[in-house]
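Undergrad: Sharing a structure with you now.
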There are 2 protein chains.
Amino acid sequence: MKKKLKLGLFGFGCVGQGLYHVLTETHGVKAEIKKICVKNKNKARVIEASYFTYEAADILNDPEIDVVVELIDDAEAAFTIVKKAIENGKHVVTANKKMLAENLQEIYQLQQTYNRSILYEGAVCGSIPILRNLEEYYDNDLITSIEGIFNGSTNYILTKVFEEKKSYLEALKAAQDLGFAESDPSLDVKGFDPKFKLTIAIAHTFGVFIRPENIIHVGIQNISAVDLKYARENNLTIKLVARAYKINGSIVGFVAPQYIPSDHILAAVRNEYNAVLVEGAFAEKQVFIGKGAGSYPTGSAVLSDISALTFDYRYEYKKFTQDDGLPFCNEATVDVLISFPEGTLISHRDFETFKGGYQGKGYQYLQGSVQLQKLKEWAEWDEVSVILAPQINLTPASQPAAVERLSA
Amino acid sequence: MKKKLKLGLFGFGCVGQGLYHVLTETHGVKAEIKKICVKNKNKARVIEASYFTYEAADILNDPEIDVVVELIDDAEAAFTIVKKAIENGKHVVTANKKMLAENLQEIYQLQQTYNRSILYEGAVCGSIPILRNLEEYYDNDLITSIEGIFNGSTNYILTKVFEEKKSYLEALKAAQDLGFAESDPSLDVKGFDPKFKLTIAIAHTFGVFIRPENIIHVGIQNISAVDLKYARENNLTIKLVARAYKINGSIVGFVAPQYIPSDHILAAVRNEYNAVLVEGAFAEKQVFIGKGAGSYPTGSAVLSDISALTFDYRYEYKKFTQDDGLPFCNEATVDVLISFPEGTLISHRDFETFKGGYQGKGYQYLQGSVQLQKLKEWAEWDEVSVILAPQINLTPASQPAAVERLSA
């Protein structure tokens, strides 16, 4: 039987306000907001003042509140709230990917210890119900890979850069104006945000908890005019792709921009849309596409979690409990195309297999397969643009060393 | 707690054998096949003879069998099996879209009356978990439309015709050779199969049970060389699209081929893949893509249903129970392009708004908006090819009469 849930919100920004409106406009969910804890006392609020408090305890210690909906920016403060809420017997819904990625194993443990639920569909690819599907629908499917466009703001930027021939900065500004990108965009454009999401997705896909800092990521901030020219001349576009594979008994995963052929399904995923491609032994290739940014799409994912709580839903982490003991590893080679200003200390000797390159207008351009560790090194250099080839030909080391293997 | 389920299968064709292999290869599902009822005693079987029986009663009356998996062709015989299984206290998994579409309201009632579950994810778009998502994830989202490519064999045929410049008959033969199309392909190519799936999807999307014969459908069998030429010249492709909208307080739904711009997401859905686009007030546009034909993809959907039964899963038909009382109606106009041999009795007077046409090489070509009823009429004519415009501009009648309104 459906319970009428009382909610305590932390934060009332873009997603919080989206949730408020979604809750007000729909009639199917038996839940109501009782209290909203915010930080800034001087900010004008769009709804009644009686909803608001400035004291976390007003929510965390209120026995009437069943569910804490955590929607604040600060990952550390968020984790403190989540822990306290669970210890106080409340369920939690959150969309804080950084907090989740950095504490996922403890998030799992807290649910076991206190027999409460922490749901976070909105944290991975906004409106796309990927976690629910990984948990519920693909529990028997031997999934071999998950990959896709996990960040809405960079996809918006790349789309505008390609389709409207905007400069990177113009496109970034447009994304910020629409609320798709933060005022400090580095979490998005440097690839941290999709990496956090990939960390969470890997746990629900392969049953492996890893620390996000062990995932190699390359952002889009160094993509240059030569790269765009190359893409256009070869009927390609560029997307920031997060991916993880089960390969030779290990999980290999990373985030990097990639040249995508124009007839590939990811090329059709534009603007703030995200996409997740899941490949399994039986269901074969499956694609999920939906908005990955914006207050309503994320608010709707948060609402679906709240609705699931009215039915006592919990993630079962089935793949973790049926664990095959797979290690996560970073030893593999991938095919890349890199571009950089002449004089940069990169040469064909950095490649495992060098496929050629050319020089022109002060730029150098090299192509071939490199170790993932090279991507990590180059990602930290200014003006070096690393873009994966359309076919990455991922080749793991024959005896890869596991980066880590957390156990429950 | 997971139960170990004993299964009784009816039928051991393409999907049944896929299921057998999927069950054998996966280790996550606590289920085993006890008995398989088949018709043909003289057919060589790929697995042990002791599995087989020719008597339905050996399964239906076996108290040890928990779940009947119905995978036969004949819709009438299938419904008899399903009813008997439910009456005998068994759960049912089926992928028989014709049987389901024709009896959906009784299928719903049987589950209420006997407190047993009938699951049928494999019946709608093969491997795509659309029913589960409509039931579980979108229960609070005010869905306004569902549309997509619901038939794998016609999509395979259209892809081959366009991309490999095969003739319609060559492409049909290739689809049959791959097991994507039946030896009698008319259920697929005339649009019956996607119509059955649309009937089921409408029930789970809008909570409305309708009879499939009330849904207007146009097939792809009359698509001609002139249509292909028109498409190529205008950077379009052709897809067979099933669709239903909530519009002006009614549900309007139909199946027809449509010209699709090459940058539309449906254009990227090729070969035997299906796609479902769901649009809601909050989650906004969501797309699901996956294989819609083939023994493994459908077998994997059937397996997911079996797995769900180990957790006592049932469809809740929430949208039906929260019913808004929406009628289904066929009174609307849509934009089409039709082609037909000169001398056919079709003229600009058949259009609500006539937008022009031309004649050439014995063919006539007319464009404009027509009543849905006209589509129905023309669909039954030989050599008349009806293809929806890229933008259909669906306009419902101001006071549409409901075709039907079934109640529980």
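Values in this text are rule-based calculations from the coordinates and carry no lab data. Keep in mind the model is a prediction, meaning the values are calculated, not measured. All Cβ positions, even for glycine, are placed from backbone atoms using ideal geometry, and neighbour counts span all protein chains on display.
Undergrad: So, in nm, how far is label residue A:105 from label residue B:76 when the simple model puts each one 7 Å beyond its Cα toward the Cβ?
TA: Using points 7 Å along Cα→Cβ, the separation is 6.3 nm.
Undergrad: ³J(HN,Hα) across segment A:92-105 via Karplus (A = 6.51, B = -1.76, C = 1.60, θ = phi - 60°), whole Hz, x for Gly/Pro?
TA: Listing the rounded values in order: 10, 10, 9, 10, 8, 5, 5, 4, 5, 4, 6, 10, 5, 5 Hz.
Undergrad: Please list, ordered by chain and number, the residues whose modelled amide H lies under 5 Å from the amide H of residue A:260; skip anything fewer than 5 residues away on the same chain.
TA: It is A:237, A:238, A:239, by chain and number.
Undergrad: Report the residues of segment B:367-391 in range of a label on residue B:354: point 7 Å along Cα→C-beta, backbone N strictly under 16 Å from it.
TA: Under 16 Å, as judged by backbone N against the label point of residue B:354, lie B:367-371 of segment B:367-391.
Undergrad: What are the ³J(HN,Hα) couplings of segment B:345-355, residue after residue, when phi is run through the Karplus curve with 6.51, -1.76, 1.60 and θ = phi - 60°? Round to Hz, x for glycine and proline.
TA: Coupling constants for segment B:345-355: 7, 10, 9, 4, 6, 7, 9, 6, 10, 8, 10 Hz.
Undergrad: Right, another one. Compute the long axis of helix B:295-309 from its Cα atoms, compare it with the longest principal axis of the Cα atoms of chain B, and write down the angle in degrees, 0 to 90, nearest 10.
TA: 50
Undergrad: How big is segment A:47-188 by the Kirkwood estimate over distinct Cα pairs, in Å?
TA: Computed over Cα pairs of segment A:47-188, the Kirkwood hydrodynamic radius comes out at 17.6 Å.
Undergrad: Further, regarding this structure: Between B:43, B:83, B:355, which gets the highest mean-square fluctuation from a Gaussian network model of chain B, Cα cutoff 10 Å?
TA: Of the options given, B:43 has the highest mean-square fluctuation.
Undergrad: Work out the length of the dipole vector of chain A about its Cα centre, built from +1 on the beta-carbon of each Lys and Arg and -1 on the beta-carbon of each Asp and Glu, and round it to the nearest 20 debye.
TA: With Lys and Arg at +1 and Asp and Glu at -1, about 500 debye.
Undergrad: Right, another one. Name all residues of segment A:243-261 having a backbone nitrogen under 19 Å from the label point set 7 Å from the Cα of residue A:380 along its Cα→Cβ direction, giving them as ranges.
TA: Those under the cut-off are A:254-257.
Undergrad: Using modelled amide H (1.01 Å from N, peptide plane; none on Pro or chain starts), what sits under 5 Å from the amide H of residue A:5, excluding residues fewer than 5 places away?
TA: A:31, A:32
Undergrad: For the protein assembly as shown, rounded, prolate or oblate, judged on the Cα gyration tensor with a ≥ b ≥ c (square roots of eigenvalues), a/c < 1.5 rounded, else prolate if a/b > b/c?
TA: Rounded, because the longest to shortest axis ratio a/c is under 1.5.
Undergrad: About its Cα centre, how strong a charge dipole does segment B:1-124 have in debye, to the nearest 20, once Lys and Arg get +1 and Asp and Glu get -1 at the Cβ?
TA: The dipole of segment B:1-124 has a size of about 280 debye.
Undergrad: Place the label 7 angstrom along Cα→C-beta at residue A:112 and in each other copy, then list the distances from the first to the rest in nm, shortest first.
TA: Label-point distances to the other copies, shortest first: 4.3 nm.
Undergrad: Here's something else I'd like to know. In deg cm²/dmol, rounded to 500, what helix-only [θ] at 222 nm does the protein assembly as shown give when every DSSP H run of at least 4 residues adds -39500 (n - 2.57) and the total is split over its residues?
TA: -9000 deg cm²/dmol
Undergrad: Starting at the first residue of segment B:208-225, write each ³J(HN,Hα) from the Karplus equation 6.51 cos²θ - 1.76 cosθ + 1.60 with θ = phi - 60°, in whole Hz, x for Gly and Pro.
TA: Whole-Hz 3J(HN,Hα) from phi for segment B:208-225: 10, 8, 10, 7, x, 5, 8, 8, 6, 9, 10, x, 10, 5, 9, 4, 10, 4.
Undergrad: How far is residue A:170 from itself in the other copies, in nm, if each label sits 7 Å out from Cα along the Cα-Cβ line, shortest first?
TA: Here residue A:170 shows inter-copy label distances of 4.6 nm.
Undergrad: Can you give me the long-range amide H partners of residue B:328? Hydrogens built in the peptide plane at 1.01 Å from N, cutoff under 5 Å, separation of 5 or more residues or another chain.
TA: B:251, B:403, B:404
Undergrad: What are the equivalent ellipsoid semi-axes of segment B:153-274, built from the alpha-carbon gyration tensor (square roots of five times its eigenvalues), in whole angstrom, biggest first?
TA: 26, 18, 12
Undergrad: In addition: Answer rounded, prolate or oblate for segment A:272-375, using the Cα gyration tensor with square roots of eigenvalues a ≥ b ≥ c: rounded when a/c is under 1.5, else prolate when a/b is larger than b/c, else oblate.
TA: prolate
Undergrad: Just the Cα atoms of segment A:217-258: what Rg and Dmax do they give in Å?
TA: So, for segment A:217-258, Rg and Dmax equal 13.3, 39 Å respectively.
Undergrad: Return the chain A residue and its Cβ-to-axis distance, rounded to the nearest Å, for the rotation relating A to B.
TA: Its Cβ sits closest to the axis: A:268, 2.
Undergrad: To continue, here is another question. Could you calculate the FRET efficiency of residue B:397 with residue A:312 from 1/(1 + (r/R0)^6), where r is the beta carbon distance between them and R0 is 41 Å, rounded to 0.05?
TA: 0.35
Undergrad: Continuing with this model, one more query. For chain B, find the longest principal axis of its Cα atoms and tell me its angle to the long axis of helix B:168-177, 0 to 90°, nearest 10.
TA: 10
Undergrad: Sticking with this one: On a 24 Å Cα-Cα criterion, which of the cross-link pairs A:98/A:229; A:291/B:355; B:239/B:374; B:4/B:84 come out too long?
TA: A:98/A:229; A:291/B:355
Undergrad: With label points built 7 Å along Cα→Cβ from the Cα atoms of residue B:58 and residue A:322, find their separation and express it in nm.
TA: 3.0
Undergrad: Quick check: from the Cα gyration tensor, does segment A:5-119 come out rounded (a/c under 1.5), prolate or oblate?
TA: Taking the square roots of the gyration eigenvalues as a ≥ b ≥ c, segment A:5-119 is prolate.
Undergrad: What residue among B:174, B:200, B:186 has its Cα farthest toward the positive end of the dipole of segment B:164-214, where the charges are +1 on Lys, Arg and -1 on Asp, Glu, each on the Cβ?
TA: Most positive-ward Cα: B:200.
Undergrad: Also, I was wondering about something else. Rounded to a whole number of µm²/s, how large is the Stokes-Einstein D of chain A at 25 °C and 0.890 mPa s, given Rh as the Kirkwood radius over C-alpha pairs?
TA: 111
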